[in-house]
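The block underneath contains the structure these notes are about, expressed in structure tokens.
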Amino acid sequence: MVVLKSGFNSDSLKIHFERIVRSLYSNPPNHGAKTVFQILSNPELYKEWSSSFKAMVVRIIEIRRAFRKALEEEGAPGKWNHITDQKGIQVEYLRYFHHIYMVKSGRINVTGLNFSNISYVAKAINDTLRKNI
């Protein structure tokens with residue numbers, strides 16, 4: 001919001017703000033990349049982001065459990081274990097904390113593994129599963 005004195009020529013101010021806004025929205029991928037760089041390169045910001053991410057994961061797991069329980073208590077027909085057994089959060093965890101990328105279904109391209117990275121991938125998957133994410 002901008003408050004102007006009566007009689008001020010707002011046209012020049014409008015043009016100035018349009019230039020600022022245009023520079024922000026003409027190159028949005030650059031803005032996001034800069035934000036990610038700032039967070040990942042600053043230990044304090046990274047710690048805060050990591051904590052927020054973990055809290056989000058815990059919340060989603062709790063919501064899934066509660067939703068499944070509510071459906072089962074309601075007597076909804078069918079099996080509802082897929083709600084708590086989905087791997088989407090595990091895939092996100094592997095991506096953010098171990099830098100392992102795969103499709104959201106959890107399917108991996110085995111030909112992307114090699115003798116140099118196979119141990120790292122196995123350890124990362126083990127870590128993720130043991131955290132019961």
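Throughout, read-outs are computed from the coordinates displayed, never taken from laboratory work. Keep in mind it's a predicted model, so treat the numbers as computed, not measured. Cβ sites come from the backbone with ideal geometry, for glycine too, and all protein chains shown count toward neighbours.
Which pairs turn up if I take residues in segment 55-81 that are in contact (Cβ under 8 Å) with a residue 40 or more places away in the chain and under 17 Å from L129 (Cα atoms) and look for partners that are among the acidic types (D, E) and surrounded by 11 or more Cβ atoms within 10 Å (Cβ to Cβ) with beta carbon separation below 9 Å, at least 6 apart in sequence or on another chain?
So the pair list comes out as V57/E92.
Which of (1) touching a helix residue (DSSP H, G or I) at 6+ places or on another chain (Cβ under 6 Å); (2) within 25 Å of S50 (Cα to Cα) does W80 not meet, given it meets every other one?
Tallying (1) touching a helix residue (DSSP H, G or I) at 6+ places or on another chain (Cβ under 6 Å); (2) within 25 Å of S50 (Cα to Cα), W80 fails exactly one: (2).
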